[in-house]
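Since the structure comes first, as structure tokens, the remarks are kept for the end.
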Amino acid sequence: YDNGTGSATVLEAARLLRQYRFQRTVRLILFTGEEQGLYGGAAYAADHTLTSVLGVLNLDMFGYDSNADRCFEVHAGTLPASIDVGNCFVASVGSYALGLNRDFLTTTATNRSDHASFWNVGTGAIEIAENFFNDSQAGGCVGADANPFYHTNNDRIASNMTPSFGLSIAKAALATISAM
């Protein structure tokens with residue numbers, strides 16, 4: 001299932017967003033090689049001019065919610081452009097009353113997914129993930145709720161997915177893309 005939720009959302013975004021025209025170009029990208037060293041994201045960041053990119057939204061495993069608190073993590077890092085993208089995502093959650101809670105991570109944000117390759121070249125990027133870490137942010141997630149089957153043979157959609165939670169995050173992602 002890592003990263004089935006993100007991949008499914010990108011495919012659904014392609015289906016839904018094709019009927020709209022935006023002021024900016026929207027690129028829907030599926031990377032490979034993340035688990036082997038962020039190869040796909042790094043290659044893309046190295047091979048493309050990113051000066052006109054408003055921001056990158058990396059959707060990496062966000063459907064697990066065993067405690068039903070509907071809490072997820074926004075890994076924004078410290079680049080001002082990344083914080084802008086993160087704030088846009090949070091605003092989309094509120095605008096559409098999706099009933100989600102979140103931790104907004106800056107100095108403690110992970111660099112273990114494809115968004116980090118964009119940080120490395122100064123491009124604003126965020127990662128959206130399930131509540132993997134215990135960050136104890138005021139008003140945020142309580143504790144951690146990481147998938148206990150992460151990177152095992154038991155990491156399966158049928159047993160590790162909370163569909164309504166994942167759908168709400170996917171909706172927020174599409175709203176964020178549209179708002180940006």
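The values are calculated or read from the model by the stated rules, or taken from the named source; none is laboratory data. Please read all numbers here as calculations on a predicted model, not as lab measurements. For neighbour counting, all protein chains shown are included, and Cβ atoms are generated from backbone atoms with ideal geometry for every residue, glycine included. Accessible surface is based on the protein model in full, side chains and every heavy atom, while ligands, DNA and RNA are left aside. Shrake-Rupley method; radii C 1.70, N 1.55, O 1.52, S 1.80 Å.
So here's what we get for this one:
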| read-out | value |
| --- | --- |
| Accessible surface of the chain, 1.4 Å probe, proportion on carbon and sulfur as whole % | 52 percent |
| Between the stretch 1-51 and the stretch 107-180, the Cα center-to-center distance that results, in Å | 15 Å |
| Label point at Ser178 placed 7 Å out along Cα→Cβ; residues across the stretch 5-33 whose backbone nitrogen lies under 14 Å | 13-23 |
| Relative contact order of the stretch 45-171, pairs being alpha-carbon contacts under 8 Å that are 6 or more residues apart, as % | 36 percent |
| Stretchable slack from Leu28 to Asn134, in nm (0.36 nm times residue separation minus alpha-carbon distance) | 35.1 nm |
| Extension reserve of the Tyr20-Thr152 stretch, reckoned as 0.36 nm per residue once the Cα distance is removed | 43.6 nm |
| Cut-off under 5 Å, modelled amide H: who pairs with Val56 long-range | Ala125, Ile126 |
| Overall dimensions of the stretch 92-148 as given by Cα atoms, namely Rg and Dmax in Å | 12.8, 34 |
| Where GluC sites (Glu not before Pro) fall in DSSP loop in the stretch 1-56, at most 10 other Cβ within 10 Å | none |
| DSSP H segments from the chain that extend 18 Å or more along their own axis, Cα-based, with Kyte-Doolittle mean of 1.0 or above | 163-179 |
| Under the Karplus curve 6.51 cos²θ - 1.76 cosθ + 1.60, θ = phi - 60°, whole-Hz ³J(HN,Hα) for the stretch 18-23, x wherever Gly or Pro sits | 4, 7, 10, 10, 10, 5 |
| Probe 1.4 Å, protein heavy atoms only - accessible area per residue of the chain in square angstrom | 52 Å² |
